[in-house]
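Just below is one structure, and these are the notes that go with it.
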Amino acid sequence: MIYYRDNDILIRDLEENDIGAIVAGEIAQGWTDSSADKFKMRLKHRDELGAIALVAEYLAQPAGYVNVYPNSKWGAFGGLGYCEIVDLAVLEKFRGKGIGNKLMDAAEKIAAEYSDTVYLGVGLHSGYGSAQRMYVKRGYIPDGKGVWYKDKVCGQYAECVNDDELNLYLSKKLK
């Protein structure tokens, strides 16, 4: 299915033949732990859990991706009937072209078909800086529980590491 199209950008369902180019792009930019397994898991979640896996093309090249999980069971709002947006990424060589916002537009439009609220977790280290700013500009607000570490609220004075497992959950009303 196609969710957005203009002269440069196409947002559509992720397909298995997209995986190699995305993984190669991530490895080329230094994300050495990138593998096809993550994307194959998203396709499996599409088939088994009803998740929606999207890919963005820029001038016919895979440039980014995002996933929407209707009625997500995980995170700050898990089990409340809300959609979770998971794993938004735009390859560095394609950033600054509006691809991230177009992916988020498509993800929010899909989420609005399922619930009036959408949520996401964003990492806290500097690698997530542009995503943090984008989410605030789009109207996302913190859940008020503080930071999460390894899928649990990180208690006051608890030890944690500023890695990809340290997140702040944000939500947005869609309707």
Residue pairs within 7 Å by beta carbon, gap of at least six or interchain, first lying in region 147-175 and part of a strand (DSSP E or B) and of a type in the set (S, T, N, Q), second at pLDDT 95 or above and surrounded by fewer than 16 Cβ atoms within 10 Å (Cβ to Cβ), listed first then second, are Ser171/Ile141
- Query: In region 67-74, is there at least one residue being part of a strand (DSSP E or B), touching a His at 6+ places or on another chain (Cβ under 8 Å) and not aromatic (Phe, Trp, Tyr)?
  - Reply: yes
Checking Cys154, Cys83, Cys160 in turn, the sole residue that is within 30 Å of Ala28 (Cα to Cα) and either of a type outside the set (Phe, Trp, Tyr) or at pLDDT 95 or above (or both) turns out to be Cys160
Of the listed residues (Ile11, Ile85), the one being within 15 Å of the chain's Cα centre (by Cα) and free of Cβ contacts under 8 Å to residues at least 60 places away in the same chain is Ile85
How many residues of region 98-128 are free of Cβ contacts under 8 Å to residues at least 60 places away in the same chain, aliphatic (A, V, I, L, M) and either more than 16 Å from Gly50 (Cβ to Cβ) or in a helix (DSSP H, G or I) (or both)? The answer is 5
Scanning region 75-117 for residues that are small (Gly, Ala, Ser), farther than 21 Å from Lys150 by Cβ and out of contact with any helix residue (DSSP H, G or I) (no Cβ under 7 Å at 6 or more places or on another chain) gives Gly81, Gly96, Gly98, Ala106, Ala107, Ala111, Ala112, Ser115
Of those in region 114-157 that are small (Gly, Ala, Ser) and in contact with a Gly (Cβ under 7 Å, 6 or more places away or on another chain), the residue nearest to Cys83 (Cα to Cα) is Ser115
By residue number, the members of region 88-97 that are assigned to a loop (DSSP other than H, G, I, E, B) and in contact (Cβ under 8 Å) with a residue 24 or more places away in the chain are Leu91, Arg95, Lys97
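The values are calculated or read from the model by the stated rules, or taken from the named source; none is laboratory data. This structure is a prediction, so every number in the text was calculated from the model and none was measured. Here Cβ is always computed from backbone atoms with ideal geometry, including for glycine, and neighbour counts include all displayed protein chains.
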